[in-house]
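Enquirer: Here's a structure for you.
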Amino acid sequence: MNNTTNNKRTIIWTSINPGAPCFKAMLKKEMPDIGEDDINAIIYGFNYHYFNELVSHLSKVSIGQPIIALALFEGYDDDEDDGFGIQTIDSGNLSECFDTDYDIAEWYVDKSGDFLSYHIDRDGVTYCKYLAIKKDAPLSKVQRLFTEIDNDDFDFSIIGDVTESIGEKVLDALGIMHFCDKEGAFCGK
């Protein structure tokens with residue numbers, strides 16, 4: 001239901017306006033006496049059922065490497081802590097990239113082939129980028145990455161040395177078509 005693609009991203013799942021107009025029209029045709037609120041309830045019910053099926057499917061898929069989620073937190077007011085965080089998914093299981101602690105959320109693969117998400121709740125917005133730790137990454141550089149994030153002294157230049165994108169692995173695991181341009185670069189379609 002939410003596997004949609006535009007020129008900027010392939011949406012894996014979203015809670016933002018999940019009702020496609022054609023799906024709403026089909027429901028109205030099949031149930032002409034149903035009201036707009038009931039149609040929205042059905043659509044949101046299908047959407048969250050799909051979320052559970054998606055997570056269940058991905059619970060069987062491990063990429064064989066630890067995954068890290070780099071998170072940027074933005075609070076709504078000056079009292080909230082803004083900053084970076086890091087979470088490790090040692091199992092490499094793709095389903096662990098999806099959580100239910102949000103009011104609004106979206107997971108997608110962007111035009112660069114990166115797997116990302118954002119979550120909005122009453123405390124603010126969290127943006128996450130999911131990356132695999134490279135099998136041949138020097139342990140000293142991996143430790144440096146974690147230390148710098150913990151100390152709020154983060155150097156973006158070392159990310160490429162120790163991590164790799166997992167967007168294509170997510171799309172492959174879900175059987176979602178993606179295309180490359182003539183040079184072979186991922187284009188997010």
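The values are calculated or read from the model by the stated rules, or taken from the named source; none is laboratory data. As the structure is a prediction and not an experimental result, all values here were calculated from the model. These accessible areas exclude ligands, DNA and RNA; they are computed on the full protein's heavy atoms, side chains included. Shrake-Rupley method; radii C 1.70, N 1.55, O 1.52, S 1.80 Å.
Enquirer: Express the carbon and sulfur contribution to the solvent-accessible surface of the stretch 96-176 as a percent, rounded to the nearest whole number, probe 1.4 angstrom.
Expert: Using a 1.4 Å probe with all protein chains present, the stretch 96-176 comes out at 44 percent carbon and sulfur.
Enquirer: Using only alpha-carbon positions, what ratio does the radius of gyration of the stretch 94-157 give when scaled by 2.2 N^0.38 Å?
Expert: Rounded to two decimals, the normalised Rg is 1.32.
Enquirer: Then there's this: Past 25 Å, Cα to Cα, is the threshold; run K60/K169; K24/K111; K111/K169; K129/K169; K134/K169 against it and keep the listed order.
Expert: The answer is K24/K111.
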